[in-house]
Amino acid sequence: MNADLAVRASRFAVFPVEDYQEYVDQHPDATPYHRSGWLTAAEAGYGHTAWVVSAHRGEKLCGVLPLVEVKPPLGSSSLVSLPFCDLGGPLADNEDIRYSLTEAARKLASTNRSNGVEIRVSGEPVDMSMPAEALPAKVRMLLDLPESSEALFKQFKPKLRSQIRKAEKNGLTAEIHQDPAAIDAFYQVFADNMHRLGSPVHSLAWFRTLAQAYGDHLLIGLVYAGAHVVGAGIVLTNGTRACTPWASTRAEYNHLAPNMLLYWTFLSHLADAGYRQFDFGRSTPGEGTFRFKKQWGRYPRS
């Protein structure tokens, strides 16, 4: 069946980026992380080597698997699709080609003496009525967006609408930006919050590189108390899908509900701009971040 199929691994630096992005743009399963900008940022921001395993029939591209060779300070490198996020994996015209891409990635790992291949793909819908011990360790919460922000607001429960209005009544304002200065403002809030939580934080160079690589497909949301930025987040887009890899607020302002206004600003903007699905990212069932996302989202996936 695949006798005329050619599968090869290429360094991303020499692969025709226009062909790669064109295939991602038209594939129904592509996520914002599949965009070429993620590979560009991984190379430029952290010095990792990016690869593309591609499948061809003649001149026709019929499958891609983006990979990043992540090199830790000690030990062997690993091929990951994709690092620093929850999703990735092959995009292909059919399941046979997907399998061929995955096998070629394993061969590449062996050739490069890498410590295997890690492929992160979207899972199945999750029945949250199952016993806690039967639930996945992490769950993604998705929200289908209607045709307008007005329709979206109407579908929320009264309690959620009240929490959104609470932030506005508390005098908070929010804006969507795409300029470099907004990346720096986001980073101040994000890095301070990660340090407070004792979590490692990406470098500012990573976010600056990501913003440059994604261009109009990266949005920065900023929440203000007066002139002071008290909440910030990043949204990536592709096709009609959007996702938020990072969002933070300043703890001392949380009683004013900046997180509610941040997410509402993103969601209302995206709905009016024609996006039809929002991915809140993964969280652990039962924890605070999961409960926050659940009140917005409509269906979970593993």
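Among helices (runs of 4 or more DSSP H) entirely within region 183-302, having at least 1 residues that are free of Cβ contacts under 8 Å to residues at least 60 places away in the same chain, within 30 Å of F12 (Cα to Cα) and open to solvent by less than 60 Å² (accessible area, probe 1.4 Å) singles out 204-214. Scanning region 137-182 for residues that are open to solvent by 70 Å² or more (accessible area, probe 1.4 Å), over 24 Å from R282 (Cβ atoms) and part of a loop (DSSP other than H, G, I, E, B) turns up E147, Q178. So, of the residues in region 280-296 that are touching a helix residue (DSSP H, G or I) at 6+ places or on another chain (Cβ under 8 Å) and not hydrophobic (A, V, I, L, M, F, W, C), which turns out to be modelled with the lowest pLDDT? If we take residues in region 280-296 being touching a helix residue (DSSP H, G or I) at 6+ places or on another chain (Cβ under 8 Å) and not hydrophobic (A, V, I, L, M, F, W, C), then G286 is modelled with the lowest pLDDT.
What tally of residues in region 112-146 results from selecting those that are over 22 Å from the mean Cα position of the chain (by Cα) and either on the phi < 0 side of the Ramachandran plot or at pLDDT 90 or above (or both)? Before the answer, list the steps.
Just the residues of region 112-146 that are over 22 Å from the mean Cα position of the chain (by Cα), to begin with: 112-116, 127-135.
When the remaining residues are screened for being either on the phi < 0 side of the Ramachandran plot or at pLDDT 90 or above (or both), the result is 112, 114-115, 127-135.
Residues in region 112-146 being over 22 Å from the mean Cα position of the chain (by Cα) and either on the phi < 0 side of the Ramachandran plot or at pLDDT 90 or above (or both): 12 in total.
The values are calculated or read from the model by the stated rules, or taken from the named source; none is laboratory data. These numbers were taken from a predicted model, which means no experiment stands behind them. Glycine also receives a Cβ, built like all others from the backbone with ideal geometry; neighbour counts cover every protein chain displayed. Accessible surface areas use protein heavy atoms only, side chains included; no ligands, DNA or RNA. Shrake-Rupley method; radii C 1.70, N 1.55, O 1.52, S 1.80 Å.
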